[in-house]
1. Go through the stretch 131-140 residue by residue and tally those that are over 15 Å from T121 (Cβ atoms) and in a strand (DSSP E or B).
2. Anything in the stretch 94-129 that is small (G, A, S), in a helix (DSSP H, G or I), over 15 Å from N140 (Cα atoms) and out of contact with any strand residue (DSSP E or B) (no Cβ under 7 Å at 6 or more places or on another chain)? List them, or say none.
3. Could you count how many residues in the stretch 165-183 are under 11 Å from L145 (Cβ atoms) and either touching a helix residue (DSSP H, G or I) at 6+ places or on another chain (Cβ under 8 Å) or modelled with pLDDT under 95 (or both)?
4. For the stretch 25-32, check the following and say yes or no: at least one residue is within 14 Å of the chain's Cα centre (by Cα) and open to solvent by less than 20 Å² (accessible area, probe 1.4 Å).
5. Is it the case that A91 is touching a residue at least 60 places away in the same chain (Cβ under 8 Å) and either touching a Ser or Thr at 6+ places or on another chain (Cβ under 6 Å) or assigned to a loop (DSSP other than H, G, I, E, B) (or both)?
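The values are calculated or read from the model by the stated rules, or taken from the named source; none is laboratory data. The structure displayed is predicted, hence computed values, not measured ones. Every residue, glycine as well, gets a Cβ built from its backbone with ideal geometry; the counts of neighbours run over all protein chains shown. Ligands, DNA and RNA are stripped out before the accessible areas are found, and what is left, the full protein with its side chains, is counted by its heavy atoms. Shrake-Rupley method; radii C 1.70, N 1.55, O 1.52, S 1.80 Å.
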Amino acid sequence: MAIELENVLPSEIEKRSFEIITEELTQNGIVLDSEKAPVIKRCIHTSADFDYARNLCFSPDVIEKAMDAIKNGACIVTDTQMAKSGINKRALARYGGEVYCFMSDEDVAALAKKNGTTRATASMDKAAGLDKKLIFAIGNAPTALVRLYELIENGKLSPELIIGVPVGFVNVVQSKELIMHADVPYIVAKGRKGGSNIAACIVNALLYMIDNRRD
């Protein structure tokens, strides 16, 4: 059996991957908004799932708002160590930002036990106490999104951006809909798809976009 492989240099693999993504989008008649395209394409690149061309939802002017927040030192709060690990912390640090994940903290575990909630819920409460500009990158826990919605509605939190892309089944779709009805900038993957890798790659896409504008 003859299998023809592409001859691509290691340094050119990512570039070629994005060329393939662009070719397949064009072949399927999908035209992306130029402002949102880098985020959508990076989600497709991370997952090899072209559904992100249709299921990613953006609040008005969210790309500019998010990039401005990062450039003004916004910090990222995630709901998994995996998402935290995947974010380009060196690039974020150039603008004064840090990445936090409180899921393993002892005080978060104690608060969750006391209140009978998930650790994700308790970690959002802890994040709300930070005196910083905050971007939330949620890729796993719908309960985190639900708690963020409650905190926003109660006037206890005003995030610069919520990236709402938890993956799964129980209350995943509903939690994303809540965020899209909150008065907050958002990037949300409608439906059941998402994940910590998608949450991280959206943050990284924003960082790449800022860097490209500097060049």
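1. Number of matching residues: 3.
2. Matches in the stretch 94-129: A109, A110, A112, A128.
3. Looking only at that region, the number is 10.
4. No.
5. Against the criterion (touching a residue at least 60 places away in the same chain (Cβ under 8 Å) and either touching a Ser or Thr at 6+ places or on another chain (Cβ under 6 Å) or assigned to a loop (DSSP other than H, G, I, E, B) (or both)), A91 does not qualify.
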